[in-house]
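Inspection log for the structure reproduced underneath, given as structure tokens.
No lab work stands behind these numbers, since they all come straight from the coordinates. Not measured: the values here are computed from a predicted model. All Cβ positions, even for glycine, are placed from backbone atoms using ideal geometry, and neighbour counts span all protein chains on display.
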Amino acid sequence: MKLLLLTIFTFTLTSPKAQPYNTEALNFLTTFVKNYSKHETPLLYTKGLNPYTQNEIINALQRSLKLFSFQITDHKVQIIDSLVLTKVEHLYIISEIQKQSDTTLWNQFEIPNIKSIPQDTVTAIFKDRLYGWNNFSKKYGNNLYTFGIPIFFRGNQYCAFYYEKLCGYLCGETQFAIYRKEHGTWSLWIAIYESVS
């Protein structure tokens, strides 16, 4: 019994703090929305990460505990920087991603200049594969976002964050990345995966 209590106590001390769904997350999301929305037009988004997206993120994370930022010059990959996640951090990020299918998590945030559209409404519109996007854009506009709740670790100096932007059937971008706080400002540091179409 003493060994079990000691193990639980040790894990509590070494694991990242519980997800800070608070001011830090609200500030991060507010900045994200400000950077991606037009001044007068609210950014339109759906709440929650679907199972496919969750699996894609988790698969990308499971490739390695060592993450790299790089650039390609003259057809050669040049590593710029790296981050090695601890096993505890790795499991923590994955467990937080798994929770984000719960759409009620977004209800705690009052993000300026943003409007939510229910996922079942989006699904119903896009059942029409021929005219779905046209119908959507006539009613709601040209962009639809999905994004995760930022996951902070290492004393809130690092953040794992997912977003997806759809702007047409063959138009969009997706990114899951690590952000780093520098001089009080969050900046993209290491993209774990991304795509643009």
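Of note:
- With respect to the chain, whose longest principal axis is taken over its alpha-carbon atoms, helix 87-99 is tilted by about 30°.
- Counting every other Cβ atom within 10 Å of each residue's Cβ, L49, L29 order from fewest to most as L29, L49.
- The label point for N142 and the one for T123, both projected 7 Å from the Cα toward the Cβ, are 2.9 nm apart.
- Candidates L170, H90, V33 compared by Cα position along the dipole of the chain: farthest toward the positive end lies H90, with charges placed on Cβ.
- Option label - Rg and Dmax of the Cα atoms in Å computed here, alternatives (i) 16.8, 53; (ii) 18.6, 64; (iii) 17.0, 67: (ii)
- Full extension of the chain between E110 and S82 yields a length gain of 6.7 nm, computed as 0.36 nm times the residue separation minus the alpha carbon distance.
- Neighbour-count order for R154, R180, R129, fewest beta carbons within 10 angstrom listed first: R129, R154, R180
- Computed helical MRE - 222 nm, the chain, DSSP H runs ≥ 4 contributing -39500 (n - 2.57), nearest 500: -10500 deg cm²/dmol
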